[in-house]
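As structure tokens, the structure follows; a few thoughts come after it.
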Amino acid sequence: MSEQQTEETAAGAPGGDGGAAGGERPEARLERAVRAAEQALIEFEIAVETFRVEVENFSRLHHQKLGPMYTRLDELDALIAEARAARTGDEEDLRLAREARSLVMPMPGVDELFHDWMDSDGISDDAAAMLTDRPVRPPQRVRPTEEVRRLYRDLVRRAHPDLAQDDAERERRDAFIARVNAAYGRGEEQQLRELAAEWEAGPAAARAQGYGESEELYARLEWLAQRKELLSVVARELEDSAIGAMLRMAPEDPDGLLDEIAEQLLAQVSEKEALLAELTDRA
């Protein structure tokens, strides 16, 4: 029997959606489309938030692990330029030495001063920790463990605010998902398990009711499409950022990429230290 014949038989059979005579009600197919669009949007939001956390963690670890090496390289460039200028006394070498020294401790711009203090939820976790004298807990790795990611995806699918039936329920879900996102960003498996238990013990979600008139369903589909467009912009910005581009270089092992870059920087440090030693020995 073909799929179409099966659907027609089910629709016309007793106990079907519309009974033997009525057939499927006009809004039923539209309701299914809305529910499918909701689930697709939730999955897309999970993917975007997952990547955002990886970008943020990679950025922090990149700064913590590699920042001192970049600083050392800048210092060595300045020392080498100064040693060369001291030997030659050439005006151009002196200018290059001054330029290299100015790069060692550049004056930060406004964006650099405030960038690390804000995240998608407002003030960042690190900034909040400093303001409240809590110790800052940097991420141990770029990508949370597979179990953490599984727990996170399961929680978001069940507790997403778009599944709320009224404003009060949406507000409760918004607050809960904010906690879920924070725990996921820190890779806290135990915290996510506790949140899962809390959600299970919380008030039962209201039974999904019919959406009503077709106009309301079409409006819901339009809102979902607009929300997806906004998320697409966020996703593109993340992918096009410098850190996002680096993550795309090693999508399966971003933590290994940090180690690889560190080895390359250490090799550069060794080369520059050898060159500086050669210049100062000649002097």
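Observations
- The shape of segment 154-269 can be summarised by an equivalent ellipsoid whose semi-axes, obtained from the alpha carbon gyration tensor, come to 39, 22, 9 Å from longest to shortest.
- Nearest-10 value in Å² for the accessible area of S59, using the 1.4 Å probe: 50 Å²
- With every protein chain in place, segment 216-266: carbon and sulfur % of accessible area (1.4 Å): 55 percent
- Rh by Kirkwood over Cα pairs, then Stokes-Einstein D for segment 232-271 at 0.692 mPa s and 37 °C, µm²/s: 289 µm²/s
- Segment 37-73 versus segment 153-171: alpha-carbon centroid distance in Å: 24 Å
- Rounded to the nearest whole Hz, the Karplus-based 3J(HN,Hα) values (6.51 cos²θ - 1.76 cosθ + 1.60, θ = phi - 60°) of segment 222-227 follow the sequence 5, 4, 4, 5, 5, 4, with x at glycine and proline.
- For segment 243-255, 3J(HN,Hα) computed residue by residue from phi via the Karplus equation (6.51, -1.76, 1.60; θ = phi - 60°) reads 5, x, 5, 5, 4, 5, 5, 9, x, 8, 8, x, 5 Hz, glycine and proline entered as x.
- Between the beta carbons of Q140 and L231, assuming R0 = 22 Å, the FRET efficiency works out to 0.20 to the nearest 0.05.
- Working note: Karplus 6.51/-1.76/1.60 with θ = phi - 60° gives segment 147-154 the couplings 5, 4, 5, 5, 4, 5, 4, 5 Hz, where Gly and Pro are set to x.
- What segment 231-283 shows is 63 Å² of accessible area per residue, with the surface traced by a 1.4 Å probe over protein heavy atoms.
- Pair A168, T280: separation of 7 Å Cα→Cβ label points (nm): 7.2 nm
The values are calculated or read from the model by the stated rules, or taken from the named source; none is laboratory data. Computed from a predicted structure; not experimentally measured. Heads up, the Cβs are rebuilt from the backbone with ideal geometry, glycines too, and the neighbour counts pull from every protein chain shown. Ligands, DNA and RNA are stripped out before the accessible areas are found, and what is left, the full protein with its side chains, is counted by its heavy atoms. Shrake-Rupley method; radii C 1.70, N 1.55, O 1.52, S 1.80 Å.
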